[in-house]
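Handing you this structure, nothing more for now.
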Amino acid sequence: MRSATVVLPQSADACWRAFTDATLLLAWVPGLRRATVISGIASLPREILFEFAESRTYTLVYDYDVARREVRWQPQLGKRDAVSGHARFEAVEGGTRFEYALEQGDGRSEAERALGSLDALVAAFAHWMASR
C-alpha cells in the first residue's frame, strides 16, 4: 500500500471533520458519481455505497480512531473495483499533517486507476480544503 503526506494549513479537527463527512465526498473525490451512507455510528458512516467512474460500484466499511484522528476503510462488496486504505490527521506547527494511504482493486482500468490515484486524491483534498 502506497502512502503520501502533505501539510495542510487548516486545523486537524477541521480536516478530520471534512474528511469523515460523507456528504462532502462528491466535492473533492475525482470520478465519484455518488456516495450513499448505508449505516453509521453517531455522525460517522460505517458503510458507504460508492458509484465511481463510468461503471464501478462497491461498498467500503470504515473504522475510526477518533482520539488519534485516524480512519481506515476496506471493501465489503465489489472488492475488485474498490479501494482500501487509511487517513491520519496530526496537528503540527502551521496546520495539519495529512497522511493518506491507498490500494486500488484489480478490477479498475488504467484510466480509473489514474482518476482515483493516491496523488490525485491527496491533491484534490488539499485543493478543496484550501478553497473552503
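Anything in the stretch 22-69 that is at pLDDT 95 or above and of a type in the set (Asp, Glu)? List them, or say none.
GLU47, GLU51, ASP63, ASP65
Across the stretch 7-36, which residue is surrounded by the fewest Cβ atoms within 10 Å (Cβ to Cβ) among those that are among the β-branched types (Val, Ile, Thr) and out of contact with any strand residue (DSSP E or B) (no Cβ under 7 Å at 6 or more places or on another chain)?
THR23
Moving to a separate point now. Quick one: would you say ALA18 is of a type in the set (Gly, Ala, Ser) and in contact (Cβ under 8 Å) with a residue 60 or more places away in the chain?
yes
Oh, and also: I need the full set of residues from the stretch 39-58 which are loosely packed, with under 14 Cβ neighbours inside 10 Å and either among the aromatic types (Phe, Trp, Tyr) or touching a strand residue (DSSP E or B) at 6+ places or on another chain (Cβ under 9 Å) (or both), in order please.
The answer is SER39, GLY40, ILE41, GLU54.
Take the residues in the stretch 84-132 that are closer than 20 Å to ASP65 by Cβ and in contact with a Leu (Cβ under 6 Å, 6 or more places away or on another chain); name whichever of them is surrounded by the fewest Cβ atoms within 10 Å (Cβ to Cβ).
GLY85
Six or more apart or on different chains, Cβ atoms under 6 Å: show the pairs whose first residue is in the stretch 76-99 and under 11 Å from GLN10 (Cα atoms) and whose second is surrounded by fewer than 20 Cβ atoms within 10 Å (Cβ to Cβ) and of a type in the set (A, V, I, L, M, F, W, C).
Correct list of pairs: PHE89/ALA12; ALA91/ALA12; GLY95/VAL7; THR96/ALA12; ARG97/VAL7; PHE98/VAL6.
Given the residues ALA87, ALA111, which is the only one that is more than 23 Å from SER39 (Cβ to Cβ) and not charged (D, E, K, R)?
None of the others qualify; the one that does is ALA111.
Confirm whether ASP13 is over 14 Å from the mean Cα position of the chain (by Cα) and either without any contact (Cβ under 8 Å) to a residue 12 or more places away in the chain or not in a strand (DSSP E or B) (or both).
yes
Checking the condition in contact with a helix residue (DSSP H, G or I) (Cβ under 6 Å, 6 or more places away or on another chain) and farther than 16 Å from ALA4 by Cβ, which residue from ALA14, ALA35, ALA111 passes?
ALA35 is the lone residue from the list that is in contact with a helix residue (DSSP H, G or I) (Cβ under 6 Å, 6 or more places away or on another chain) and farther than 16 Å from ALA4 by Cβ.
Scan (1) within 19 Å of LEU8 (Cβ to Cβ); (2) in contact (Cβ under 8 Å) with a residue 40 or more places away in the chain for the single condition GLY116 breaks and write down its number.
(1)
Picking from THR23, THR5, THR36, which residue would you name as being more than 23 Å from GLY94 (Cβ to Cβ) and either assigned to a strand (DSSP E or B) or in contact with a Ser or Thr (Cβ under 9 Å, 6 or more places away or on another chain) (or both)?
From the options THR23, THR5, THR36, the qualifying one is THR36.
Every residue in the stretch 44-62 that is part of a loop (DSSP other than H, G, I, E, B) and of a type in the set (A, V, I, L, M), please.
Hit for the stretch 44-62 is ALA53, nothing else.
The values are calculated or read from the model by the stated rules, or taken from the named source; none is laboratory data. All values reported here derive from a predicted model rather than from experimental measurement. A quick note on method: Cβ atoms are made from the backbone with ideal geometry, for glycine too, and the neighbour counts reach across all protein chains shown.
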